[in-house]
Amino acid sequence: NVKKISFLDVIIVATTNSKNDKKIKEITKKNDVEIFYGSEKNVMKRYVDAAKKFKLDVIIRITGDCPLISKEVMDFMLLSHFKKHADFTLPLNATIGTAGEIINYSSLSALYRKVLKQNVPMKYREYFKFFFKHQRYNFKYNQVVLPKKYVTKFRLTVDYISDLVMMNKLAKELTVNKKEFKISNIFYILKKKPLISKINSENPVIYRVKKFITEINQAISK
């Protein structure tokens, strides 16, 4: 799905230095994409280091728990990012798991230097949007309102066992029906077979929990 996104120069799997992740190279080689090994705990540093190595100017961040990323959604966001000359772009109303984030490397690098000075705890450094949105940093934060056809309440991310169960059932339906793994087909299957989407519909999203939001904003504000 990532390969279908427009305007890409390179695709990089930015994984960790852990021994367990070394085998990922076999997959990236087979699929003709790059791989980068970086910090396991400091996610922001991993992104900065990977972008620097590959000389990127704009980063499209797609996390590994979102295998059904949408080309249509990302193309829509990219056009908005460039049109508005934003530092950071994300959707306001996306179906969970279909969208990533778009970040200027120069902005992320500048942000990381500030985060280091503040000594923000590692556990918060993977949630970039809270930093770019915070007024203390003064970045151009761009929230895109996606067309209604891309927005549902389905949960298309993998954080819990039940998410994986749902994904496997969805993948089987798409394969059996010989349908491409794109957003329109995914929505069609899930609307046709609502029991599949119900499998993981109640799972919480950590970055939307009020307590978490309060804690990360307090850490950034110090």
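The values are calculated or read from the model by the stated rules, or taken from the named source; none is laboratory data. This one's a predicted model, so the numbers in the text were calculated from it and none came from an experiment. When we count neighbours, we look across all protein chains shown, and the Cβ atoms used for this are built from the backbone with ideal geometry, even at glycine. Accessible surface is based on the protein model in full, side chains and every heavy atom, while ligands, DNA and RNA are left aside. Shrake-Rupley method; radii C 1.70, N 1.55, O 1.52, S 1.80 Å.
The helices (runs of 4 or more DSSP H) found wholly in segment 149-215 include none carrying at least 1 residues that are touching an Asp or Glu at 6+ places or on another chain (Cβ under 8 Å), over 24 Å from D75 (Cα atoms) and open to solvent by 80 Å² or more (accessible area, probe 1.4 Å). The set of residues in segment 68-88 being in a helix (DSSP H, G or I) and of a type in the set (D, E) consists of E72, D75. Among residues of segment 135-148 being basic (K, R) and not in a helix (DSSP H, G or I), the one that is nearest to S80 (Cα to Cα) is K140. Among residues of segment 14-39 that are at pLDDT 95 or above, those with a Cβ under 8 angstrom from a residue that is among the small types (G, A, S) and assigned to a helix (DSSP H, G or I), sequence gap 6+ or separate chain, pair up as A14/A50; F36/A50; G38/A50. Among the residues of segment 88-111, those that are open to solvent by less than 50 Å² (accessible area, probe 1.4 Å) and small (G, A, S) comprise A94, G97, A99, G100, S107, S109, A110.
Restrict the check to segment 112-126 and report whether at least one residue is open to solvent by less than 40 Å² (accessible area, probe 1.4 Å), of a type outside the set (K, R) and in contact with a strand residue (DSSP E or B) (Cβ under 8 Å, 6 or more places away or on another chain). Scanning segment 112-126 turns up no residue that is open to solvent by less than 40 Å² (accessible area, probe 1.4 Å), of a type outside the set (K, R) and in contact with a strand residue (DSSP E or B) (Cβ under 8 Å, 6 or more places away or on another chain).
Here is a list: V48, V13, V58, V2. Which entry is open to solvent by 30 Å² or more (accessible area, probe 1.4 Å), over 24 Å from Y160 (Cα atoms) and of a type in the set (V, I, T)? First the steps, then the outcome.
Values: V48 fails: open to solvent by 30 Å² or more (accessible area, probe 1.4 Å); V13 fails: over 24 Å from Y160 (Cα atoms); V2 fails: over 24 Å from Y160 (Cα atoms).
Within the list V48, V13, V58, V2, the selection yields V58.
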